[in-house]
Amino acid sequence: MDEQASQEPTGGTGQEPGRPLDRRAELSEFLRTRRARLKPEDVGLPDFGRHRRVPGLRREELAQLAGVSVAYYTRLEQGNGRNVSAEVLDAIARALRLSGAEHAHLTHLAKPKQHKKKVSARPQQVRVAMRQLIDTFDSVPAYVVGRRSDILVWNRMSAAVFGDWAQLPAQERNWARMVFLRPEYRELFVEWEQKASDMVSFLRMDAGCHPDDPRLSALVGELSVKSEEFRRLWATHDVKEKSHGVKRLHHPLVGELTLSFETFKLVDDEELSMVTYHPEPGSASAEALRLLASWGTDAVRAGTSAPRQ
């Protein structure tokens with residue numbers, strides 16, 4: 001028998017500014033949205049053509065695939081992950097066809113005691129040697145990003161490509177805030193929608209690890225209030241990790257740039273990552289980046305023309 005439609009997600013963010021994220025609600029909504037995206041034929045189950053009052057698989061179908069009782073799975077989907085074993089989570093992850101990032105997110109939500117990390121009130125720090133290393137990259141945009149998508153340090157080429165972040169207050173040097181709240185970044189990223197989706201997925205992963213982080217809760221609340229696009233993407237509960245890829249930019253000085261990016265987690269602090277961008281050798285983007293490097297501070301001042309506060 002189908003669940004009542006009222007049991008399914010309403011599409012809201014469920015997040016108010018300043019309120020800690022509810023791990024039970026996060027677990028419940030994550031499982032529901034993952035189940036809703038699957039159809040019987042996707043997982044080899046027969047579909048007898050009966051009218052379904054909810055999208056995706058029924059709970060009993062998912063429980064059958066995972067090899068657990070319907071009552072057990074229902075308790076888990078209602079947010080009660082207490083005493084759930086890693087083996088059961090693995091089975092449910094396989095049944096839901098979760099990616100590696102989604103599987104990790106499910107584990108963080110369902111078994112917080114094993115993964116809970118104390119959130120320090122101190123700002124994240126980048127070692128002096130790492131700062132010096134980034135500054136030596138004369139022709140490669142590079143920066144270090146930390147928790148909540150905060151940008152901690154960057155080199156001159158990053159400022160030339162993405163805008164002079166030194167003009168912004170420290171709390172505004174945050175990728176999520178810039179992508180959703182600053183129009184110049186909507187113009188900078190050719191595939192802005194993909195960049196926005198990536199940012200929300202990153203914050204979801206962070207929230208699964210640190211639901212009690214007040215600064216993260218405040219950020220999610222602020223973006224939920226100020227951006228309709230953020231509210232819509234946050235409600236999907238999508239999570240993914242992207243360690244490399246390609247970004248297409250429309251720079252105000254040199255026009256189109258196609259840059260590959262690589263992400264390197266720092267061994268001594270896995271919550272910090274260095275991100276670098278580089279063009280294909282001999283390409284028009286390589287020549288454009290060379291021009292930006294030669295223009296020095298003039299290019300930095302132009303950047304994305306980040307307004308002064």
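The values are calculated or read from the model by the stated rules, or taken from the named source; none is laboratory data. In this text the structure is predicted, and so the values were computed from the model without any measurement. Every residue, glycine as well, gets a Cβ built from its backbone with ideal geometry; the counts of neighbours run over all protein chains shown.
Being of a type in the set (Val, Ile, Thr) and either assigned to a helix (DSSP H, G or I) or surrounded by fewer than 20 Cβ atoms within 10 Å (Cβ to Cβ) (or both) is the filter here, so list the residues in the stretch 128-173 that pass it.
Val128, Ile134, Thr136, Val140, Val161
Checked against the criterion of being within 22 Å of Ser273 (Cβ to Cβ), touching a Phe, Trp or Tyr at 6+ places or on another chain (Cβ under 9 Å) and of a type outside the set (A, V, I, L, M), the stretch 211-227 has no qualifying residue.
One line per residue, one yes/no per condition, for (1) closer than 26 Å to Asp268 by Cβ; (2) at pLDDT 95 or above; (3) of a type outside the set (Lys, Arg):
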position	(1), (2), (3)
Ile134	yes, yes, yes
Ser139	no, no, yes
Asp150	yes, yes, yes
Val153	yes, yes, yes
Ala160	no, no, yes
Ala166	yes, no, yes
Val179	no, yes, yes
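Okay, residues lined up against (1) among the acidic types (Asp, Glu); (2) crowded, with 17+ Cβ neighbours inside 10 Å; (3) without any contact (Cβ under 8 Å) to a residue 40 or more places away in the chain; (4) part of a helix (DSSP H, G or I):
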{"residue": "Arg204", "(1), (2), (3), (4)": "no, yes, no, yes"}
{"residue": "Ala207", "(1), (2), (3), (4)": "no, yes, no, yes"}
{"residue": "Asp212", "(1), (2), (3), (4)": "yes, no, no, no"}
{"residue": "Leu216", "(1), (2), (3), (4)": "no, yes, no, yes"}
{"residue": "Gly221", "(1), (2), (3), (4)": "no, yes, no, yes"}
{"residue": "Ser224", "(1), (2), (3), (4)": "no, yes, no, yes"}
{"residue": "Leu233", "(1), (2), (3), (4)": "no, yes, yes, yes"}
{"residue": "His237", "(1), (2), (3), (4)": "no, yes, no, no"}
{"residue": "Lys242", "(1), (2), (3), (4)": "no, no, no, no"}
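Which residues, counting only those in the stretch 69-83, are surrounded by fewer than 19 Cβ atoms within 10 Å (Cβ to Cβ) and outside any helix (DSSP H, G or I)? The answer is Ser69, Gln78, Asn80, Arg82, Asn83. Scanning the stretch 174-186 for residues that are closer than 21 Å to Tyr143 by Cα, more than 11 Å from the chain's Cα centre (by Cα) and part of a helix (DSSP H, G or I) turns up Arg177, Met178, Val179, Phe180, Leu181, Glu184, Tyr185, Arg186. When Phe261 is tested against the conditions (1) under 19 Å from His278 (Cβ atoms); (2) in contact with a Ser or Thr (Cβ under 6 Å, 6 or more places away or on another chain); (3) of a type in the set (Phe, Trp, Tyr), the lone failure is (2).
Here Leu266 meets the list (1) at pLDDT 95 or above; (2) of a type outside the set (Ser, Thr, Tyr); (3) over 21 Å from Gln167 (Cβ atoms) almost entirely, failing just condition (1). Among the residues here, Val246 does not qualify as in contact with a Leu (Cβ under 6 Å, 6 or more places away or on another chain), free of Cβ contacts under 8 Å to residues at least 40 places away in the same chain and not small (Gly, Ala, Ser). Looking across the stretch 181-200, the residues that are buried (at least 21 other Cβ atoms within 10 Å of the Cβ) and closer than 27 Å to Arg122 by Cβ come down to Met199, Val200.
Look through Phe202, Phe180 and report the one residue that is aromatic (Phe, Trp, Tyr) and either outside the structural domain of Leu272 (by TED's automatic domain parsing) or over 22 Å from His250 (Cα atoms) (or both). Among Phe202, Phe180, only Phe202 is aromatic (Phe, Trp, Tyr) and either outside the structural domain of Leu272 (by TED's automatic domain parsing) or over 22 Å from His250 (Cα atoms) (or both).
Note on the stretch 252-263: residues that are at pLDDT below 95, surrounded by 14 or more Cβ atoms within 10 Å (Cβ to Cβ) and either within 18 Å of the chain's Cα centre (by Cα) or not in a loop (DSSP other than H, G, I, E, B) (or both) amount to 0. Can you say whether Val220 is assigned by TED's automatic domain parsing to the domain that holds Ile151, of a type in the set (Val, Ile, Thr) and either more than 24 Å from Leu106 (Cβ to Cβ) or touching a Ser or Thr at 6+ places or on another chain (Cβ under 6 Å) (or both), as far as the supplied structure shows? For Val220, the condition - assigned by TED's automatic domain parsing to the domain that holds Ile151, of a type in the set (Val, Ile, Thr) and either more than 24 Å from Leu106 (Cβ to Cβ) or touching a Ser or Thr at 6+ places or on another chain (Cβ under 6 Å) (or both) - is not met.
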